[in-house]
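Encoded as structure tokens, the structure appears first; notes follow it.
The values are calculated or read from the model by the stated rules, or taken from the named source; none is laboratory data. Only a predicted model underlies this, so the values are computations on that prediction, with no experimental measurement involved. When we count neighbours, we look across all protein chains shown, and the Cβ atoms used for this are built from the backbone with ideal geometry, even at glycine. Protein only, heavy atoms only, side chains kept; ligands, DNA and RNA dropped before computing areas. Shrake-Rupley method; radii C 1.70, N 1.55, O 1.52, S 1.80 Å.
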Amino acid sequence: MRKKFFTGKGKGFKSEIVVKGKVEDKKITNVEVVSSNDTKEIGETALPKLVEEANQTKKFHVDAVSGASRTSKGFNDALKDIENQSKGVKKSTETNVNDGTYSITVTSFVENQGLPGSGKALIKVTFKDNQIKDISVPKYTDTPVIGGMAFDILKKEIIKSQSTSVDAITSATISSNAYLSGVEKAIDKAGGNPTAFANRPIVKPTPKHEELSTDIIAIGAGLAGFSAALEAAEDGAKVMLLEAGQTYSSSTSRAQGFVMGANTDEQKRRGIKDNTDDFYDDLMEVYGDEPNIEPKLLRKLANESASYIKFLEDQGLTWDKVVNISPKKPRLTKRAHTIKGMGTTLMTVLVNSAQKKGVDLRLGTKVDELIVDNGVVKGVKATTVNGDELTIRASAVIVCVGSYTANLGLIKKLNPKMTNIEVRVGNGNGSAFKFFNQVNAKIIEVPYLQFMYYFYGKSFGDKFPEAIPESPTLPNYDVLSVDGGGNRLASEDDFTFEFTKRCWYNGYDEGYAVYGQKTAEKYPIMTELGLTKRTAHNKNFGYKEESIEKLAQDVGINPSNLKKTIDRYNMLCDKGEDKDFHKNPNNMVKITAPYYVLRLPQICSDGYTGAKINEHAQVINQDDQPVTGLYAAGSCADGQVMGIDYYGDGMSLLICGVFGRSAAKDAVSKLKK
């Protein structure tokens, strides 16, 4: 009797997609996905649609789902595999390629001012005797600790197996897929058949189970995890640092490379006068009216910031500059210690220091659950990228896995009022909540992400504005910023979060930048992007009109309110003095026809909702007692020291460092007892 049910495989965005289907009369039915590990908000959302269409059309090829091209291709490849099996067609693994080195340029990943964009990678593949002998990437736009590490891993796997059927590196999926695409194109350019290389199976070792032990476990290889691990190692503890990704793809790696500090030696060397009391007062001015803020933890950050700056210097870090992140109080003092090479340099220094200090650093090791005995945390259970299961006993576990901005489901659940998200750049997937739920931890609920209203979009591709209205690092002061009511809320040359806070509390899910022809001519790329690109919610990013009334109608602002605001602003420009918000007169540009408006959607980084902790970074349970053996630091536990009016770049990294070290110190002190 001829077989009717078949299982096919195809390569998705992150990993293999396995599909099962029934074939009768040259048609396919009963299609279902057996397994897949593609991204939940893209691949896993697209797959049900693909399955539904395949079952309705009964065809071995379905239309791609918009925004999920790689997943759609993998699904269709799986259907084609089923079709070939039903026809008795065997997969070919043999092909001939010409000797030589072939160069391919592919679209890859790049970050500019902390924002994702389309970059490029130059892939060189060398063939000899029908085998891939070498793969190099002499030029690429991703960071060395993310894309560069992914390229090295993929190179070893491809050359060893002579197969391109390798999984993308989960912590560098875009660059991984660019790399694999480049290798496939090089095979084709050399006269070979890329499918033959893709058909070659990857032989993986049989998973095993290991029982391990250490003194302290830190979960997550970002700044909080490394700070905890390094502090514990320096204090004499045996430390294991576990990271789910195969690269150092934390928010730290992608950070701008600022760390806040007051009364530091570096400030003194540069003649900058500062003290911790002033830092604390400035923090309280920014955060003091937020209901979730814990003043004593802000005091701890201010008091220990200089010590943490020195700690980083002791690891081998040197500072490029110390700058202020706004020309206005309370951010006027130069406290942001900056690093050449930004987050990449910081991560490289931390990795090198950890290796020298004997930290057991394990990439590609995902913690599945805590080991909890009578309410006491005594280790973790984890799975490696090869499928090995680890049971690791320890006296303390420090959770440093970041927030949840890579998890769209959690974002919608925890922040229902955030309805206009354009870009998310945080890396945490929300795994911390799983650990906190195990111990009945108290959660600090903050109903918004760390976000700004400013001009940037997924659709910008490889183009980038000359300057960005309401950007914290590349600001454009030559515009007028208004909320959805047409109201001016803050000085445009103040730190962007002053505008963000007021716009949010006024109830608007986006802001707007308004300007005239003079500014349009000064910033042609910004203007072009506004007039030609669309937002993630399929709205025009910008408009150009001959009247303010039409401009207001384009974005739904009350025309009379907007005209009143612009008239007032132009009057202040004529007088050369901003009596409303004290904007620098040099940044005041009169708005004249034709008029332009740009949408400022929500650009998000990390989430604030997370565990409640004390000054030792111990996780607090529902009875307001510390959970023995469990600590948390960084973006999964910063809700008591962060609010919508973010103090500035460098504050998040300071929080990671101070509380990562505090957790380690307390955990080690209990070891000694």
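Beyond 25 Å between alpha-carbons counts as too far, so tell me which of Lys204/Lys356; Lys124/Lys458; Lys9/Lys90; Lys59/Lys91; Lys14/Lys378 fall in that bin.
Lys204/Lys356; Lys124/Lys458; Lys14/Lys378
At 0.36 nm per residue, and after removing the present C-alpha to C-alpha distance, how many nm does the segment from Thr318 to Leu474 gain when stretched out fully? Present the calculation step by step, with values, prior to reporting the outcome.
On the way: separation 156, 0.36 × 156 = 56.16 nm, distance 2.36 nm.
Working it through step by step, the gained length comes to 53.8 nm.
I need the calculated FRET efficiency for the pair Asp368 and Lys665, taking r as the beta carbon distance and R₀ as 25 Å, to the nearest 0.05. Before the final figure, lay out the partial values.
Working: r = 28 Å, r/R0 = 1.10.
Plugging the Cβ-Cβ distance into 1/(1 + (r/R0)^6) gives 0.35.
Quick check: net charge around Glu369, other residues with Cβ under 9 Å of its Cβ, Lys/Arg +1 and Asp/Glu -1?
Numbers: positive: Lys381, Lys434; negative: Asp368.
Taking every Cβ under 9 Å from that of Glu369, the sum is +1.
Quickly work out the Glu615-to-Thr93 label distance, labels modelled 7 Å from Cα along the C-beta direction, and quote it in nm with one decimal.
A separation of 6.4 nm, rounded to one decimal place.
Order of 14-26, 80-92 by packing, highest average Cβ count within 10 Å first? Please list the in-between numbers first.
Values: 14-26: 18.5, 80-92: 15.3.
Descending packing order for the listed peptides: 14-26, 80-92.
Given a 1.4 angstrom probe, what's the average accessible area per residue across segment 139-289, in square angstrom? Kindly include the intermediate steps, with their values, before the conclusion.
Working: 5910 Å² over 151 residues.
Here the residues of segment 139-289 average 39 Å² of exposed surface.
Could the peptides 595-603, 454-462, 541-549 be put in order, highest first, of the mean number of other beta-carbon atoms found within 10 Å of their residues?
Details: 595-603: 26.0, 454-462: 20.0, 541-549: 17.4.
In descending order of packing, they fall as 595-603, 454-462, 541-549.
Where does the charge balance sit around Val203 when Lys and Arg score +1, Asp and Glu -1, over other residues with C-beta under 12 Å from its C-beta?
Numbers: positive: Lys160, Arg200, Lys204; negative: Glu157.
Here the charged neighbours net out to +2.
Listed highest first by mean packing, meaning other Cβ atoms within 10 Å per residue, what order do 113-119, 626-632, 469-475 come in?
On the way: 113-119: 18.3, 626-632: 25.6, 469-475: 21.7.
Those peptides, ordered most packed to least, come out 626-632, 469-475, 113-119.
Checking the a/c ratio against 1.5 first, then a/b against b/c, what shape does the Cα gyration tensor give for segment 449-593? Write down the numbers at each step before the final one.
Numbers: a/c = 1.28, a/b = 1.23, b/c = 1.04.
Rounded, because the longest to shortest axis ratio a/c is under 1.5.
In this model, which of Lys128/Lys357; Lys238/Lys366; Lys120/Lys434 are farther than 31 Å apart at the alpha-carbon? Don't skip to the answer; put the middle values down first.
Working: Lys128/Lys357 42 Å; Lys238/Lys366 20 Å; Lys120/Lys434 37 Å.
Table pairs above 31 Å Cα-Cα are Lys128/Lys357; Lys120/Lys434.
For segment 526-568, what is the accessible area per residue in Å², given a 1.4 Å probe and the full set of protein chains?
On the way: 2310 Å² over 43 residues.
Accessible area per residue: 54 Å².
For the chain, which DSSP H helices look membrane-span-like by this rule: Cα extent along the axis of 15 Å or more and mean Kyte-Doolittle of at least -0.5?
Details: long enough: 43-57 (21 Å, -0.63); 69-86 (26 Å, -1.33); 149-161 (19 Å, 0.33); 173-189 (24 Å, -0.15); 223-234 (16 Å, 0.93); 276-287 (16 Å, -0.67); 295-314 (29 Å, -0.43); 342-356 (22 Å, 0.49); 559-575 (24 Å, -1.06); 651-672 (32 Å, 0.64).
Within the chain the helices that satisfy the rule are 149-161, 173-189, 223-234, 295-314, 342-356, 651-672.
Testing the spin-label approximation: label points 7 Å from Cα along Cα→Cβ at Asp278 and Gln56. State their distance in nm.
It works out to 6.6 nm between the two label points.
Taking a cut-off of 23 Å between Cα atoms, list the lysines near Lys268, but don't count ones fewer than 8 places away on the same chain.
Lys268 reaches Lys300, Lys310, Lys321, Lys328, Lys329, Lys334, Lys340.
With the cut-off at 1.5 for a/c, could you classify segment 228-289 from its C-alpha gyration tensor as rounded, prolate or oblate? Numbers along the way, then the final one.
Numbers: a/c = 2.14, a/b = 1.73, b/c = 1.24.
Here segment 228-289 falls in the prolate category.
Sorted by accessible area with a 1.4 angstrom probe, largest first, how do Thr345, Thr565 fall? Intermediate values should be presented prior to the final figure.
Numbers: Thr345 45, Thr565 20 Å².
Output order, biggest surface exposure first: Thr345, Thr565.
Show which aspartates and glutamates lie in cross-link reach of Lys665 when reach means a straight Cα distance below 16 angstrom and same-chain residues fewer than eight apart are skipped.
Answer for Lys665, where 16 Å is the Cα cut-off: Asp215, Glu231, Glu234, Asp235, Glu304, Glu615, listed by chain and number.
Of all the accessible heavy-atom surface of the chain, with the other protein chains kept in place and a 1.4 Å probe, what percent is carbon and sulfur? Don't jump to the answer; show the numbers that get you there.
Numbers: 13120 of 28110 Å².
Carbon-and-sulfur percentage of accessible area, whole number: 47.
Could you tell me whether segment 393-457 comes out rounded, prolate or oblate from its Cα gyration tensor? Rule is a ≥ b ≥ c as square roots of the eigenvalues, rounded for a/c under 1.5, then prolate if a/b exceeds b/c, otherwise oblate. Write down the numbers at each step before the final one.
Numbers: a/c = 2.93, a/b = 2.02, b/c = 1.45.
Prolate, since a/c reaches 1.5 and a/b exceeds b/c.
Which of the aspartates and glutamates could a cross-linker bridge to Lys575, judged by Cα under 16 Å and excluding same-chain residues fewer than eight apart?
In chain and number order, the partners are Asp567.
Would you mind computing, in nm to one decimal, how far apart the modelled labels at Val203 and Lys22 are, each placed 7 Å from Cα along Cα→Cβ?
The two pseudo-label positions are separated by 3.7 nm.
State the extension gain, in nm to one decimal, for the chain segment bounded by Asn440 and Gln517, taking 0.36 nm per residue of separation less the distance between their alpha-carbons. Numbers along the way, then the final one.
On the way: separation 77, 0.36 × 77 = 27.72 nm, distance 5.77 nm.
Length gained between Asn440 and Gln517: 22.0 nm.
Magnitude of the Cβ-charge dipole of the chain, K/R +1 and D/E -1, about the Cα centre, nearest 20 debye? Before the final figure, lay out each step's value.
Values: 89 positive and 84 negative charges, 410 e Å.
Computed about the Cα centre, the dipole is about 1980 debye.
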